[in-house]
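Note sheet for the following structure.
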Amino acid sequence: MIPLGSPDIREEDIGKVVEVLRSGMLVQGQKVAELERNVSNYLSVSHVLAASSGTATLHLALLASGIGHGDEVIVPSFSYIATVNVVEIIGARPVFVDIDIKTYCIDIKKIEAAITRSTKAIISVHEFGLMADMEAVMAIAKKHSLVVIEDAACALGASDSGILAGTMGNFGSFSLHPRKNITSGEGGVLVCKDTGHAEMVSMLRNHGGSDVDGRKEFLVAGYNYRLTDIQAALAVSQFSRLEEILVKKQRLAGLYHEHFSHDAVKLPRCPDGKFHTWQSFHVLLDEAVDRDGLILKLRDVGVEANVGAQCLPAQEYYMNKYGLNSLELFPNGLSAWKQGLVLPMHEKLREKDVLYVIKKIKDNI
Ligand SMILES: *Cc1c(COP(=O)(O)O)cnc(C)c1O
């Protein structure tokens, strides 16, 4: 079976994890601090805080912004479900904006029509590792005084005109889940522009505690969103290979582009000036293709392919609560969910695997 993704865990990674286990210092210690330092150097930003997942980091960003009941948060119509769940669980109202079908990122032309007096923030997703048009998002946010959270879960190392994903908004949220380019098992890191936000996130991830004159005081009601040093050691070790992984994926995406051409399949394109991390290689199938049938047929011939992400307002919970007609309001998000397909894309994939995947899709479409 050629898997969709497969984390490349090497002996050196395992060695680093074992060192932590032997040290007896297991939670939010030196390794977590080292991970935060490495990411902050890489992105050239001041405040980076690790947490237990890329969902926790999104949640912390919203909490630190003081967003809650009665507030509205703009989210793209198509993403991983966590992007909208965090808005819902803080009691705010998600306001969906359709995506651009060419990039799968929020359609910046449609954002302003969704802004009301209650709008407090925009969550802009760098879908599958391609940076959204952040310059436009930031301009709209500035005009309307909105907080910007970059959901850069898939986009560590992505850039636009040399500017790295996660460094433009008030917050940049990254995931270290095994389906992302580097992993800690579960984990996330959050970039905070503002020092006050960073202090609040630091408290909220650790029960609301803070050092006051050398004493621990609990200043807010917080969470346990700490990352372990066991996880951080794995991430630190993987992080040293990030560039290597990105180059490899660049080459694999190039192979798909070079060898795959079919009338019923639209390949993802990376616009000029942007650097795509290719966390996922997501194609769009013609309406006439039975996508779910194709997934099953591919499984039979040893190729794992799957749905890329969801049309958020069309998921059961959101349908029941908000009753929005996605076909009318979010046609791009809906077709990306219904006709999208992610293909195998990971470090261990060989050229002949890519050629096999392409052949099997052509044979079974
Ligand atoms: C993976 C992902 C998340 C959630 O990250 P976890 O670490 O799995 O919690 C959030 N948003 C997007 C766009 C993702 O792809």
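The values are calculated or read from the model by the stated rules, or taken from the named source; none is laboratory data. Being a predicted model, the structure only gives us computed values, none of them experimental. Glycine gets a Cβ as well: all are built from the backbone with ideal geometry, and neighbour counts include every protein chain shown. Accessible surface areas use protein heavy atoms only, side chains included; no ligands, DNA or RNA. Shrake-Rupley method; radii C 1.70, N 1.55, O 1.52, S 1.80 Å.
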**OP:** Tell me which residues, restricted to segment 44-78, are in a loop (DSSP other than H, G, I, E, B) and open to solvent by less than 10 Å² (accessible area, probe 1.4 Å).
**Re:** S77
Original post:
Looking at segment 203-245, which of its residues are under 21 Å from the mean Cα position of the chain (by Cα) and surrounded by fewer than 20 Cβ atoms within 10 Å (Cβ to Cβ)?
Top reply: R226, S240, R241, L242, E243, E244
Original post:
Just for segment 79-118: of the residues that are open to solvent by less than 10 Å² (accessible area, probe 1.4 Å) and over 15 Å from the mean Cα position of the chain (by Cα), which one is farthest from S175 (Cα to Cα)?
Top reply: I111
Original post:
What's the number of the condition V20 fails, among (1) in a helix (DSSP H, G or I); (2) not assigned by TED's automatic domain parsing to the domain that holds V148?
Top reply: (2)
Original post:
When N181 is evaluated against the numbered criteria (1) assigned to a loop (DSSP other than H, G, I, E, B); (2) at pLDDT 95 or above; (3) of a type in the set (S, T, N, Q), which criterion, by number, is the only one it fails?
Top reply: (2)
Original post:
Does A92 count as within 16 Å of the ligand (Cβ to nearest atom) and small (G, A, S)?
Top reply: no
Original post:
Which residue pairs have Cβ atoms under 6 Å apart, sit 6 or more places apart or on different chains, and have a first residue in segment 43-67 that is assigned by TED's automatic domain parsing to the domain that holds V95 and a second that is more than 16 Å from the ligand (Cβ to nearest atom) and part of a strand (DSSP E or B)?
Top reply: L43/L164; H47/C192; S65/V147; I67/K120
Original post:
What are the residue pairs meeting all of these: first residue in segment 221-237, first residue farther than 13 Å from H59 by Cα, second residue small (G, A, S) and open to solvent by 50 Å² or more (accessible area, probe 1.4 Å), Cβ atoms under 9 Å, and 6 or more apart or on different chains?
Top reply: D229/S23
Original post:
If we keep just the residues of segment 149-167 that are in contact (Cβ under 8 Å) with a residue 12 or more places away in the chain and either more than 15 Å from the ligand (Cβ to nearest atom) or not assigned by TED's automatic domain parsing to the domain that holds Y42 (or both), which is nearest to S65 (Cα to Cα)?
Top reply: T167
Original post:
Out of (1) more than 15 Å from the ligand (Cβ to nearest atom); (2) part of a strand (DSSP E or B); (3) among the small types (G, A, S); (4) within 19 Å of L58 (Cβ to Cβ), what's the single condition that is false for S173?
Top reply: (1)
**OP:** Please enumerate the residues belonging to segment 30-64 that are away from the ligand (no atom under 16 Å from the Cβ) and more than 19 Å from M200 (Cα to Cα).
**Re:** Q30, K31, E34, N38, N41, Y42, L43, S44
Original post:
Just a yes or no: is a residue in segment 153-162 open to solvent by less than 10 Å² (accessible area, probe 1.4 Å) and closer than 21 Å to H59 by Cα?
Top reply: yes
**OP:** Give the residues of segment 1-51 that are among the polar types (S, T, N, Q) and farther than 27 Å from S159 by Cβ, sorted by residue number.
**Re:** S23, Q28, Q30
Subject >> G5, sole failed condition from (1) at pLDDT 95 or above; (2) in a loop (DSSP other than H, G, I, E, B); (3) within 16 Å of the ligand (Cβ to nearest atom) >> reply: (1)
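For segment 256-303, how many residues meet the condition of being of a type in the set (A, V, I, L, M, F, W, C) and within 16 Å of the ligand (Cβ to nearest atom)?
2
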**OP:** Take segment 145-168 and flag every residue that is of a type in the set (S, T, N, Q) and either touching a helix residue (DSSP H, G or I) at 6+ places or on another chain (Cβ under 9 Å) or not in a loop (DSSP other than H, G, I, E, B) (or both).
**Re:** S159, S161, T167
